[in-house]
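To start, the structure under review is shown below, and the notes come after it.
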There are 2 protein chains.
Amino acid sequence: SMKEKTMSKTTDNLLEAFAGEAQANRKYLAFSRKAEQEGHLNAAKLFRAAADAETIHALKHFEVAGKIGSTIENLKSGVEGETHEYKEMYPPFVEQAEAEGNNAAVRTFTFAMKAEEVHAGLYQEAMDTLDNQEEVFYYLCPVCGNIEKVVPGKCPICGVSGEKFIKY
Amino acid sequence: SMKEKTMSKTTDNLLEAFAGEAQANRKYLAFSRKAEQEGHLNAAKLFRAAADAETIHALKHFEVAGKIGSTIENLKSGVEGETHEYKEMYPPFVEQAEAEGNNAAVRTFTFAMKAEEVHAGLYQEAMDTLDNQEEVFYYLCPVCGNIEKVVPGKCPICGVSGEKFIKY
Ligand SMILES: [Fe+2]
Ligand SMILES: [Fe+2]
Ligand SMILES: [Fe+2]
Ligand SMILES: [Fe+2]
Ligand SMILES: [Fe+2]
Ligand SMILES: [Fe+2]
């Protein structure tokens with residue numbers, strides 16, 4: 001049954017493998033950019049191809065684990081994940097980084113924490129307006145990951161110029 | 001000192017946040033495709049923008065954690081990660097999925113396991129030939145994540161036609 005499948009060891013394994021594949025993909029993306037900077041173009045290319053391979057693995061594991069719901073369910077999952085991050089995960093990380101005097105960590109944790117709160121609100125709004133047919137535009141801050149529906153003069157989270165925002 | 005920084009709680013936190021951001025990115029990518037299939041184009045757009053926001057977060061956390069080395073170090077990290085996956089992680093996952101009769105899981109784990117072994121070999125080869133200036137081409141199987149240097153008639157891992165392979 002669906003219930004037994006949800007509770008199985010294999011479902012846990014699928015999600016553990018998903019976590020590994022997701023991290024490998026991001027790692028190889030970072031490594032491909034570094035290889036490009038260093039002029040190692042063949043290595044950059046291999047990291048890109050392998051990153052895309054890990055995308056195939058991650059998405060298939062996630063699907064087989066039964067984690068892709070309807071869009072309304074997926075938006076709810078988004079609200080829950082974002083809310084966990086900005087309320088539970090990031091605040092103690094920011095506090096610990098401050099205690100250690102690690103300014104770069106304080107900055108990256110704080111940007112993410114504030115952006116996740118915005119994401120949670122936007123997912124909630126998208127749930128509430130799912131049947132609205134009028135096209136919506138979103139603008140992404142390339143520095144902190146903030147998302148706005150109207151381009152601001154400066155990003156209210158990180159201060160970067162609104163000209164840098166990316167339109168969706 | 002660098003050693004103390006490497007051992008700090010904040011470094012652990014950066015890697016935990018990296019893991020969360022990496023998984024959120026892949027999740028939102030899957031959710032954006034699903035929203036497109038369902039014709040929820042605004043939701044698809046928001047999932048894409050948020051996925052890209054999580055990429056910004058993941059890459060910055062990873063960099064601040066000091067995990068981006070030189071390309072030769074990064075290739076070594078690639079060999080180690082791939083070897084762990086194909087030798088340690090996936091074999092018991094395949095066995096457990098077989099015991100549970102979950103054919104879809106057996107298939108996705110087996111494809112990944114075999115592809116990771118290929119990736120490990122290619123990263124090792126790239127380390128050994130890092131100073132080779134001649135351009136190398138790679139071909140990615142879009143079904144199983146196998147990577148070949150010459151397009152095969154059929155993928156030796158999953159059997160898909162070589163015509164489907166993606167050139168890098
Ligand atoms: Fe993989
Ligand atoms: Fe987010
Ligand atoms: Fe920003
Ligand atoms: Fe994030
Ligand atoms: Fe791999
Ligand atoms: Fe294949």
Failed item in (1) in contact with a helix residue (DSSP H, G or I) (Cβ under 7 Å, 6 or more places away or on another chain); (2) buried (at least 18 other Cβ atoms within 10 Å of the Cβ), with A:Phe111 passing the rest: (1)
Tabulated pairs, segment B:105-128, first over 14 Å from B:Lys149 (Cβ atoms), second among the hydrophobic types (A, V, I, L, M, F, W, C) and not in a helix (DSSP H, G or I), C-beta under 6 angstrom, 6+ apart or interchain: B:Phe111/B:Cys144; B:Phe111/B:Cys158; B:Lys114/B:Ile157; B:Ala115/B:Cys144
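Given the residues B:Gly121, B:Gly81, B:Gly145, B:Gly153, which is the only one that is facing another protein chain (nearest Cβ under 7 Å), within 16 Å of ligand 6 (Cβ to nearest atom) and either modelled with pLDDT of 95 or more or closer than 23 Å to A:Glu36 by Cβ (or both)? Steps first, answer last, please.
Working: B:Gly121 fails: facing another protein chain (nearest Cβ under 7 Å); B:Gly81 fails: within 16 Å of ligand 6 (Cβ to nearest atom); B:Gly153 fails: facing another protein chain (nearest Cβ under 7 Å).
So the residue among B:Gly121, B:Gly81, B:Gly145, B:Gly153 that is facing another protein chain (nearest Cβ under 7 Å), within 16 Å of ligand 6 (Cβ to nearest atom) and either modelled with pLDDT of 95 or more or closer than 23 Å to A:Glu36 by Cβ (or both) is B:Gly145.
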Flag for B:Gln133 being within 20 Å of B:Asn74 (Cβ to Cβ), of a type in the set (S, T, N, Q) and free of Cβ contacts under 8 Å to residues at least 24 places away in the same chain: yes
Residue match in segment B:33-52 (condition: more than 16 Å from ligand 2 (Cβ to nearest atom) and closer than 30 Å to A:His40 by Cα): no
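Could you say which residue among A:Ala126, A:Ala105, A:Ala115 is more than 16 Å from ligand 1 (Cβ to nearest atom), at pLDDT 95 or above and under 14 Å from the mean Cα position of the chain (by Cα)?
Being more than 16 Å from ligand 1 (Cβ to nearest atom), at pLDDT 95 or above and under 14 Å from the mean Cα position of the chain (by Cα) holds for just one of A:Ala126, A:Ala105, A:Ala115, which is A:Ala115.
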Cross-chain or 6+ apart pairs with Cβ under 6 Å, segment A:139-161 first and in contact (Cβ under 8 Å) with a residue 40 or more places away in the chain, then within 13 Å of ligand 4 (Cβ to nearest atom) and of a type outside the set (A, V, I, L, M, F, W, C): A:Ile157/A:Lys114; A:Ile157/A:Asn146
Search result, residues across segment A:129-139 that are at the interface with chain B (Cβ under 7 Å from one of its Cβ atoms) and either within 16 Å of ligand 1 (Cβ to nearest atom) or farther than 18 Å from B:Glu36 by Cβ (or both): none
Conditions (1) part of a helix (DSSP H, G or I); (2) away from ligand 5 (no atom under 16 Å from the Cβ); (3) facing chain A (nearest Cβ under 8 Å); (4) not acidic (Asp, Glu); number of the one not met by B:Ala51: (3)
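The values are calculated or read from the model by the stated rules, or taken from the named source; none is laboratory data. These numbers were taken from a predicted model, which means no experiment stands behind them. Please note: Cβ atoms are built from the backbone with ideal geometry, for glycine as well, and neighbour counts cover all protein chains shown.
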